[in-house]
């Protein structure tokens, strides 16, 4: 059964949505405040329904809190339906934005769409697998043929980026921007090469999954393995 965190301070809406979803097969954890939402939060949730107007803080604060921890889908439920708020919500990482008032069957349909998309999208999956390489984004751990491999923070971020984008050629500039973020201006090109070499060594028999695309960058090849 799918587990839903419902963050809503209006008692009538909280009761109605919770009851409807539970009657249609969901497990619902209710929270009426920002502090309650943080206390109820767990990384094995399937979806968060988030009201942006909370009595003890802005719902965007909780959206940032979730996004710092994991990739659980978030749907915003709010009366704040201005273009500015919708754009802010989507740019902050919300997967959908539903304005109040809404009909419960429509909410359920939108939830199911987001959940289907999350199931298919590697970026929204907490555990990624490519043959014998398994990466758990929540636990921040990587396993090679069932054995845990202790990666450095940058090695883990690189592996995560590659496995979220199988078959896609990633430029060196893009990789540096994503992995090093605000420090990217101070990262030398050779720094990336060194980290890629170390990661390949960590991958052992799967080292050739990271392919060099000459003059451009790197690509994760799902079908490449050498023993």
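Please give, to one decimal in nm, the separation of the simple spin-label points placed at residue 216 and residue 109, each 7 Å out from Cα toward the Cβ.
4.0 nm
So how tilted is helix 189-203 from the main axis of the chain? Cα-based, degrees 0 to 90, rounded to 10.
90 degrees
Against the longest alpha carbon principal axis of the chain, how many degrees, from 0 to 90 and to the nearest 10, is the axis of helix 104-120 turned?
Helix 104-120 sits at roughly 10 degrees to that axis.
Report the percentage of all Cα-Cα pairs in the range 2-119 whose separation exceeds 23 Å, rounded to a whole percent.
The answer is 18 percent, as a whole percent.
Per the Debye formula with a single identical scatterer at each Cα and no solvent contribution, what log10 I(q)/I(0) holds for the chain at q = 0.07 Å⁻¹?
Scattering profile of the chain, log10 relative to I(0): -0.28.
In degrees, nearest 10, range 0 to 90: what is the angle between the Cα axis of helix 153-164 and the longest Cα principal axis of the chain?
80 degrees
No value in this document is a laboratory result; all are computed from the given coordinates. In this text the structure is predicted, and so the values were computed from the model without any measurement. A quick note on method: Cβ atoms are made from the backbone with ideal geometry, for glycine too, and the neighbour counts reach across all protein chains shown.
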